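The structure appears right after this line, and notes come after that.
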Amino acid sequence: MTPQEQPAKLAKRAAFSGPKKGRLRIVLEMIKFEHSVFALPFALVGALLAARDAGRFPTLWQILWIVVAMVGARSAAMTMNRIADLEYDRRNPRTAMRALPTGELSIGFAWAFTLLASALLVIAAWQLNPLALKLSPVALAVLFFYSYTKRFTTWAHFVLGFCLGMSPAAAWIAIRGSLDWRMLILCAAVTLWVGGFDVLYACQDIEFDKTAGLYSIPKRFGVSGALLIARAMHIVMVGLLVWLALSFQLGWPAWAGIAVVAALLIYEHSLVKPNDLSKINAAFFTVNGYISLLFLLFWGAATVVGRP
């Protein structure tokens, strides 16, 4: 940083920092900890389906380590994403005030936190079973790979979706020590769900992606085309949930859950229009949070109702 740049940077940081925040709060904001609600419920459904298939309930020990593994994996992935995108975050007005661009957290701290969170995932996998432990480095590799995909492919949204889509299969493995092909249906459904709402969210950055040379579905197909693609992804997602409910012969709570998810997805898409993206945060954060939590509620009940 040149002497001329330093005062401007300090002034910028002071203007936006407001009251001093604690280190923990800054870290939680960096990794968007509250967004764990998106993936964790689907992982827990995977665990409940695995336990149902085995004719028993999961132990509290298993649930504990699944939650720890999910928190570790997501924290590592989000921090790695912020490290990889640091220069882009500095240039993008929407992200310029994040912790790393403003210097609230250092790159060294971010790397250390990534290693710590990765170790947490590996330890949790070790506590679950040998297959989970063997696959933990593979999971981390996929999570870290996503951070670089928008540099070379329009379809990075699907990679992000798969990062969360792995969670039900990982939870099944955590419970059973093996994988059932039916979990791939739920993995595909979560992949399309997450990828679809990421397409919606990416519509905000279409102009920045053009100037920065990044790839995205909105950049390639325009906002209108992106909204149609996201809608198609979510329609297929609902169809996959129907297939999954049939394959496990689940009772009425599962079907009620599918109806609720479909209704919320319709509402989500009604909030976002090609000429009006002002409600994108409501569509992204609020509605999807309800989708994941209500899916867990209804499908969790379905694993108990009519248990073999």
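Report the full-extension gain for the segment Tyr290 to Ala141: residue separation times 0.36 nm, less the Cα-Cα distance, to one decimal in nm. Present the calculation step by step, with values, prior to reporting the outcome.
Details: separation 149, 0.36 × 149 = 53.64 nm, distance 2.94 nm.
Gain on stretching Tyr290 to Ala141: 50.7 nm.
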GNM top mover of Phe152, Phe113, Phe295 - the chain, alpha-carbon springs below 10 Å: Phe152
Region 153-160 - phi-based ³J(HN,Hα) in whole Hz, Karplus 6.51/-1.76/1.60, Gly and Pro as x: 9, 5, 9, 4, 4, 5, 5, 4
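Mind checking the full-extension length gain between Ile266 and Ala112? Use 0.36 nm per residue of separation minus the Cα-Cα distance, one decimal, nm.
Extra length from Ile266 to Ala112 when fully extended: 51.3 nm.
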Under the Karplus curve 6.51 cos²θ - 1.76 cosθ + 1.60, θ = phi - 60°, whole-Hz ³J(HN,Hα) for region 287-299, x wherever Gly or Pro sits: 5, 5, x, 5, 4, 5, 5, 5, 4, 4, 4, 6, 6
Ranking of Ile217, Ile31, Ile229, Ile26 by count of other Cβ atoms within 10 Å, fewest first: Ile26, Ile229, Ile31, Ile217
GNM top mover of Leu24, Leu192, Leu200 - the chain, alpha-carbon springs below 10 Å: Leu24
Gaussian network model of the chain, springs between alpha carbon atoms under 10 Å - residue of Leu48, Leu135, Leu40 with greatest fluctuation: Leu135
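With an 8 Å cut-off on Cα pairs and a minimum separation of 6 or more residues, tell me the relative contact order of the chain in percent. Can you show the working numbers first?
Details: 409 pairs, mean separation 61.1, N = 308.
About 20 percent, as a whole number.
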Label assignment, volume of the Cα convex hull per residue in Å³ derived from the structure, set [x] 133; [y] 169; [z] 156: [x]
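Each value in this text was obtained by applying a stated rule to the coordinates, not by laboratory testing. On a predicted model such as this, the values are computed, not experimentally measured, just so you know. Every residue, glycine as well, gets a Cβ built from its backbone with ideal geometry; the counts of neighbours run over all protein chains shown.
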